[in-house]
1. So which aspartates and glutamates can K152 reach, going by Cα to Cα under 12 Å and dropping same-chain residues fewer than 8 places off?
2. If you average the sequence gap of Cα pairs under 8 Å that are 6 or more apart and divide by the length of the chain, what percent do you get for the contact order?
3. With axes computed from alpha carbons, what is the tilt in degrees of helix 119-135 against the longest principal axis of the chain, rounded to the nearest 10 within 0 to 90?
4. Just to confirm, what accessible area per residue do you get for the chain at 1.4 Å probe, in whole Å²?
5. Give me the distance between the Cα centres of the stretch 209-257 and the stretch 90-139, rounded to whole Å.
6. Greater than 27 Å separation of Cα atoms is the criterion. Which listed pairs, K116/K182; K182/K266; K26/K209, meet it?
7. List the pair-distance distribution P(r) of the chain, using every Cα-Cα distance, as the percent of pairs falling in each 5 Å bin from 0 up to the bin containing the longest distance, rounded to whole percents.
8. Which of the aspartates and glutamates could be linked to K244 by a straight reach, that is with a Cα gap under 19 Å, when you skip same-chain ones fewer than 8 residues away?
Amino acid sequence: MIREYDEKATSALFVMHRNNKLFCGKGLRTVGSNPINTFVYNSGAAQQVVIDEIAYNMPPLSILPLVSNQHFVFQRPEALTAWQFNREFYCIVDHDAEVGCVGFLFYGIRHPMFIKLDKQAAEEMTHLEKVFSSELQLKDNFQGEMLRALLKRVIIKTTRMAKLQCESYRQFPDERMDLIRKFSLLLEIHFKLEHEVRFYAAALNKSPKTLSNVFALLKHPPPSVLIRNRILLEAKRNLHYTEKSAKEIAYELGFESPAHFSRFFKLYSGSNISTFRNL
């Protein structure tokens, strides 16, 4: 079952999936698609999910946030509930002061993030399922705002639980963790053109050394490694899911030449481009 709220005047889109055997994410295979964020709620038994060709185990009673450029396929999608929304419906960047999820739940360092629910949280999420379902059957001037309010509740609830399950948030104040979140968002916006730590440090009003020290204190990989990994991930996505040539991908990802991109890919993936594409 798929239910949608589609506001033509603003292009705002909200979608709820239940008992949908076809639910999946096509990632870069969906050319020109409207960027969409997804919450997947697994109220049943554990099941496998393959995200960008890597298999993971999604625990029972858990929530998984996903973003538009991720390719994902679930073992039993009909057993899941998912909520999807685009920027026009609710912009998590513009409303970060309200929900605090950007650079953490979405576009964060930890990929993927499975947030486990206790019994009370699971009961609340099941209740919200029913409220969403009922609201999506109504058609009046208040529907959009009601759905946004319900979505905001899901985001805040999930963010709270995720922070309680994150060792760094338990050990360090939100102010320090916000630096990590801001870096993660900047990286998602600029990684195709900006490959040096100094750019991100300057944008955060920090020196490269100070930024690296904060990441080390929080036991995160260095910023340089995170930048490299994000570029490599996008390269792999393009090689797996698009027909773009290595030359096109190289220039799209900000490399000076296809040869430079080829050396980078071989060094950090352990495989040359043609071999990887034929896997």
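1. D96, E98
2. Dividing the mean separation by the residue count of the chain yields 15 percent.
3. That helix lies at roughly 70 degrees to the long axis.
4. It amounts to 51 Å² per residue over the chain.
5. 27
6. From the list (K116/K182; K182/K266; K26/K209), the Cα-Cα distance tops 27 Å for K182/K266; K26/K209.
7. 1, 5, 11, 15, 17, 17, 14, 11, 6, 3, 1, 0
8. D52, E53, E234, E252, E256
The values are calculated or read from the model by the stated rules, or taken from the named source; none is laboratory data. Predicted model only: the values in this text are computed from it and were never measured. Ligands, DNA and RNA are excluded from the accessible area calculation, which covers all protein heavy atoms including side chains. Shrake-Rupley method; radii C 1.70, N 1.55, O 1.52, S 1.80 Å.
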